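The values are calculated or read from the model by the stated rules, or taken from the named source; none is laboratory data. All values reported here derive from a predicted model rather than from experimental measurement. Because the Cβ atoms are built from the backbone with ideal geometry, glycine has one as well, and the counts that use them run over all protein chains shown.
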Amino acid sequence: MSEVQQNTQNTQPQRDGPRDSIYIGKKPLMAYVTSTLIQLANQPSVTIKARGLSIGRAVDVSQIILKRMENAGYAIGDVRIGSETLQAEDGRTRNVSTIEIEVKKA
């Protein structure tokens with residue numbers, strides 16, 4: 001396997017978790033709101049996950065669902081914060097903050 005392929009595989013986030021998770025990235029904010037609402041139509045709760053600079057977007061997504069969909073009866077469940085140790089391209093390790101926000105039907 002070439003070095004480029006190894007780097008690509010190592011930097012991809014692992015998404016082997018349950019289907020009730022939304023991973024926040026760089027897409028437009030409303031794309032994540034829509035995706036979360038679609039998941040909530042089929043499941044009792046959805047976890048919005050983000051790390052690093054995307055944490056603010058995750059909070060925005062959860063608040064848009066709560067405030068704009070007041071009549072739908074959604075509520076915030078558990079909020080978990082933490083950090084992960086990642087290895088940078090130059091070989092150093094660094095800590096990256098993480099957040100998981102549970103949105104559920106009330």
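Brief remarks follow.
- Consider the stretch 22-67 and keep the residues that are in a helix (DSSP H, G or I) and among the polar types (S, T, N, Q). The one that is nearest to the chain's Cα centre (by Cα) is Ser54.
- Selection within the stretch 51-103 - touching a residue at least 24 places away in the same chain (Cβ under 8 Å) and in contact with a Leu (Cβ under 8 Å, 6 or more places away or on another chain): Arg57, Asp60, Val61, Ile64, Ile65, Met69, Tyr74, Ala75, Ile76, Val96, Val103
- Total residues in the stretch 76-93 satisfying the condition of being over 14 Å from the mean Cα position of the chain (by Cα) and either surrounded by 12 or more Cβ atoms within 10 Å (Cβ to Cβ) or among the hydroxyl-bearing types (Ser, Thr, Tyr) (or both): the figure is 5.
- Just one of (1) assigned to a strand (DSSP E or B); (2) modelled with pLDDT under 95; (3) more than 16 Å from Ala106 (Cβ to Cβ) fails for Arg19. It is (1).
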